[in-house]
1. Are there helices (runs of 4 or more DSSP H) fully within the range 61-131 with at least 3 residues that are of a type in the set (Gly, Ala, Ser) and in the same structural domain as Ala147 (by TED's automatic domain parsing)? List them.
2. Just checking, does the range 823-835 include any residue being outside any helix (DSSP H, G or I), touching a helix residue (DSSP H, G or I) at 6+ places or on another chain (Cβ under 6 Å) and under 30 Å from Asp684 (Cα atoms)?
3. Would you mind listing the strands (runs of 3 or more DSSP E) fully within the range 612-661 where at least 3 residues are closer than 30 Å to Thr821 by Cβ?
4. Sort out for me the strands (runs of 3 or more DSSP E) sitting completely within the range 184-302 that have 3 or more residues that are surrounded by 20 or more Cβ atoms within 10 Å (Cβ to Cβ) and free of Cβ contacts under 8 Å to residues at least 60 places away in the same chain.
5. From the list Val743, Val755, which residue is at pLDDT 80 or above, assigned by TED's automatic domain parsing to the domain that holds Ile667 and under 17 Å from Gln703 (Cβ atoms)?
6. Could you list, in sequence order, all residues of the range 524-542 that are charged (D, E, K, R) and either surrounded by 19 or more Cβ atoms within 10 Å (Cβ to Cβ) or within 45 Å of the chain's Cα centre (by Cα) (or both)?
7. Scan the range 356-371 and give yes if some residue there is closer than 25 Å to Glu427 by Cβ, of a type in the set (Gly, Ala, Ser), loosely packed, with under 15 Cβ neighbours inside 10 Å and in contact with a Gly (Cβ under 6 Å, 6 or more places away or on another chain), otherwise no.
8. Could you identify the single residue in Val415, Val469 that is of a type outside the set (Lys, Arg) and not assigned by TED's automatic domain parsing to the domain that holds Pro502?
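The values are calculated or read from the model by the stated rules, or taken from the named source; none is laboratory data. Given the structure is predicted, the values throughout are model-derived calculations rather than measurements. Glycine also receives a Cβ, built like all others from the backbone with ideal geometry; neighbour counts cover every protein chain displayed.
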Amino acid sequence: MSFHVQSALERLAESLALELDCLLDAINAGRQPKDEANQLKFDLERMTELARLSESRSRGLWDTIPSAVMVLDQSGRIMDGNLAASKLLGYSPEDLRRRTVFDLNPSLPLDHMGNVQRRMSFDNVDVVETENRHADGHLIQVEVRSALLEDQGQIRVVAVVHELSRQNLNREALQKSESLLREMLNSLDHGIVIQDKSLQTLLVNNAAKRILEPLGVSAEFAEADFARVRVCDASGRAIAWNDRPQAVALRTRVAIESTMLGLISAQSHRMIWLKMAVYPKLDPITGEVRQVISAFSDVTELKRSAELFDEAQRLGNAAGFEYDMVDGTVFLTEQGYRMFGLVAANKAVEGGSLLALIRGHDRERALSVLRQAIRDRQPVDVELRVTLSGSQPGWVRVLARPHVSDDTLLRFTGVVRDVTAQKLEEERLKRRAEQDTLTGLANRDSFLRSLRGAIDAASLAHGPAVVFVDLDRFKVLNDLLGHAAGDRLISACGQRLRNNVPASCLVARIGADEFAALLPEVRSDDLLTQIAERIHRAFQRPFVDRGEDFLITASIGLARYPNQGKIAEDLLRHADAAMQEAKRRGRNRWQTFSADLANTLKRELLIETQLRKALENHELRVVYQPKLDLQSGRVVGAEALLRWNSKVLGEMSPDIFIPHAETTGDIVQIGNFVLRESCRQLGDWRRSGLKLDHIAVNISYRQFLSDRFEGDVADALLDQGLDGSSLELELTERALIEDSPEVNATMDALHRLGVRLCIDDFGEGYSALGLLRRFPVQGLKISNKFMQGIPINPVDSRLCEVIVQMARALNVRVTAEGVETQQQWQFLSALGAEYGQGFLFARPLEVNDFEAFLRANDTG
């Protein structure tokens with residue numbers, strides 16, 4: 001069928017049904033022939049079915065309607081007609097479509113079609129008796145039933161034509177017609193129930209029985225059945241018996257169009273969903289309801305799929321959409337309207353309305369992406385800033401693909417997903433990656449990126465400068481106050497630095513107590529020194545924490561592009577070197593990077609470069625300083641000490657190269673070399689008959705915290721067949737200061753090996769006493785700084801006495817290092833210190849010299 005005539009056919013079918021009711025009443029009273037009823041029933045059958053079917057399926061049924069049916073435009077031209085119309089009027093289908101209503105009835109006035117449309121509406125059916133001219137010229141008496149419809153914005157008229165002379169069918173034909181009607185209804189997939197004005201069932205098709213049977217109710221769905229089910233509307237609200245659609249249609253005499261009903265069995269709790277339409281058939285004379293026709297289908301699966309789809313959209317913060325290229329409208333799923341807080345008419349939204357929800361420059365970007373997608377017929381994938389429901393700013397990701405037919409772009413369909421949470425998380429992670437978590441300032445990586453960008457944008461004469469700020473003696477303050485107070489003071493220092501540099505500066509925390517400020521462009525040294533002086537003065541004011549004042553001064557280093565560094569890393573390193581020079585000169589001052597400092601840095605760089613080659617070039621060796629029992633004078637052990645004789649730099653002091661190794665991380669590999677070499681040497685000495693209880697090895701904090709440390713210790717002992725007690729590890733407070741799970745795990749592993757643990761340079765820090773409580777420490781070494789004053793200096797002497805007494809109470813053995821005089825030996829021995837080492841006994845010795853010393857002092 002060429003036109004959408006379903007709605008008009010539904011009204012015509014209703015008109016025929018009313019007439020059929022009246023005719024059946026008349027037949028029962030013996031007043032009318034049954035052949036007329038037969039004709040009407042057959043018409044009703046075909047039109048009801050035709051109105052239910054889609055356009056693509058209705059052409060065949062269109063031609064099976066026994067009555068003549070035609071579609072006319074507003075001028076009266078016949079646009080289509082079924083086979084019955086061709087037969088009735090004597091024209092071929094093609095010839096009929098070339099005729100007008102005036103060809104069929106020349107007596108009609110010229111404004112006939114206007115009169116028809118003026119007396120009709122879209123809600124009623126016009127019935128007239130007239131005559132039509134057959135193709136051979138003779139006249140036919142007919143009854144014409146007409147209904148209006150709108151097709152693509154144009155008014156059409158659907159006319160059903162009955163020949164009045166064809167009303168002589170007998171009873172047998174009527175029964176055959178009724179049988180055909182019932183057969184047709186039973187062939188439908190939709191359930192059909194026809195009831196009288198008392199809602200007593202007159203007809204039920206097979207589909208209705210099949211749909212309702214699983215719930216245990218009859219197809220008539222009487223009041224007794226209602227007690228066995230619960231009826232609810234689309235939102236799940238219960239519906240009373242008198243509010244069911246059939247009762248409402250009977251009461252209001254208004255059709256119920258496409259309503260959703262849920263039926264739940266009280267016994268099995270099974271639920272089905274019905275899509276139902278109910279049509280009351282009115283008596284044309286009295287206007288009273290004569291019949292109620294219900295048509296319904298089982299949409300349980302569709303409803304479930306729709307609910308699951310909607311729930312998936314809710315959970316995924318996504319909505320489907322279709323953008324119609326013809327009229328520029330957008331159709332959204334329900335989640336889409338909820339997402340943007342829109343109220344849509346007929347589910348359509350003007351494209352401009354959605355465009356207005358896109359924020360800022362993203363609106364033009366969205367148009368550009370769309371224009372390119374239209375031009376290239378390519379999919380869309382774009383993220384946009386938008387205004388979401390509740391006027392909240394957010395982000396969406398739009399994914400769409402084009403639909404093209406006959407080289408014409410018809411529409412885009414796709415998904416719009418709310419990605420606000422993801423974008424906020426990305427921004428949070430980005431800020432976290434670029435910020436120091438304690439102070440909220442930029443971190444080192446972010447600072448270097450910004451510094452590189454400033455250098456790239458710099459001119460040959462002018463460019464960025466770096467101010468490097470280090471807090472003086474902050475570690476001491478942090479140990480005294482605790483980490484929580486230390487963190488608060490670090491944050492306050494960062495904020496004070498931020499407040500005392502220009503607003504254009506980037507301030508970063510680049511170390512534990514180190515900060516840096518980036519000045520994007522400095523045109524004179526005077527400006528740089530003014531800023532440095534301002535920072536210096538700012539740190540002369542005390543900081544207040546929990547009602548107490550704390551003075552934290554700062555050492556400041558300056559480096560300026562391009563004379564003092566042309567790449568970011570050099571500028572930062574040179575500013576750091578200048579800061580170190582400020583500290584060397586007494587702290588609490590600022591210093592500009594200079595040529596002398598450059599030479600120092602070159603020297604340090606040379607040391608670091610050569611040190612990396614030292615192991616490979618066999619330039620490192622271990623010497624040993626004897627460790628004696630202070631009571632008996634017997635050699636009980638040796639401390640392994642590292643020496644470096646560089647082929648390029650010559651003999652290097654450990655005080656120079658060890659800090660470099662710590663800074664670069666080479667200390668881990670070097671420290672492992674010392675560990676293995678010391679254990680090897682102890683094994684050789686024992687195998688040669690020399691008696692030595694243990695060997696002591698200094699361990700760097702970097703080496704101690706490395707992943708493989710306890711494994712390296714176990715391997716070094718196992719290779720030489722040594723037990724754990726043969727090795728004593730000397731640890732600085734720095735290696736143990738962090739009471740972390742990793743430190744505790746390493747300490748426990750070493751303790752299980754039987755390795756002795758000793759705190760080196762005990763008494764210099766503020767946390768040493770706490771270390772004795774927290775860790776399984778067997779020994780401590782009194783710092784040689786205290787040895788210089790005993791026994792003459794009463795303070796040093798008293799400190800040594802307290803340390804020895806405390807160690808005895810904790811069952812910890814004491815070693816005094818730096819023993820240089822007989823008086824010191826006697827003093828320490830009297831205190832009860834177990835061991836000592838120093839120049840009084842022997843300097844660090846090469847292997848052969850140590851062996852000779854050991855044999856000479858062997859007391860048997």
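1. Details: elements: 83-89, 93-96, 101-104, 112-119.
Correct list: 83-89.
2. First, the residues of the range 823-835 that are outside any helix (DSSP H, G or I): 832-835.
Subset that is touching a helix residue (DSSP H, G or I) at 6+ places or on another chain (Cβ under 6 Å): 832-833.
When the remaining residues are screened for being under 30 Å from Asp684 (Cα atoms), the result is 833.
Looking for residues that are outside any helix (DSSP H, G or I), touching a helix residue (DSSP H, G or I) at 6+ places or on another chain (Cβ under 6 Å) and under 30 Å from Asp684 (Cα atoms), one finds at least one in the range 823-835, hence yes.
3. Numbers: elements: 620-629, 635-646, 650-652.
Where strands (runs of 3 or more DSSP E) fall fully within the range 612-661 and carry at least 3 residues being closer than 30 Å to Thr821 by Cβ, they are 620-629, 635-646.
4. On the way: elements: 191-196, 201-204, 229-232, 256-265, 271-282, 289-298.
Answer list for the range 184-302: 271-282.
5. Working: Val743 fails: at pLDDT 80 or above.
None of the other options fit; the residue is Val755.
6. Of everything in the range 524-542, just one residue is charged (D, E, K, R) and either surrounded by 19 or more Cβ atoms within 10 Å (Cβ to Cβ) or within 45 Å of the chain's Cα centre (by Cα) (or both), namely Arg534.
7. No, every residue in the range 356-371 fails to be closer than 25 Å to Glu427 by Cβ, of a type in the set (Gly, Ala, Ser), loosely packed, with under 15 Cβ neighbours inside 10 Å and in contact with a Gly (Cβ under 6 Å, 6 or more places away or on another chain).
8. Values: Val469 fails: not assigned by TED's automatic domain parsing to the domain that holds Pro502.
Answer to the check: Val415.
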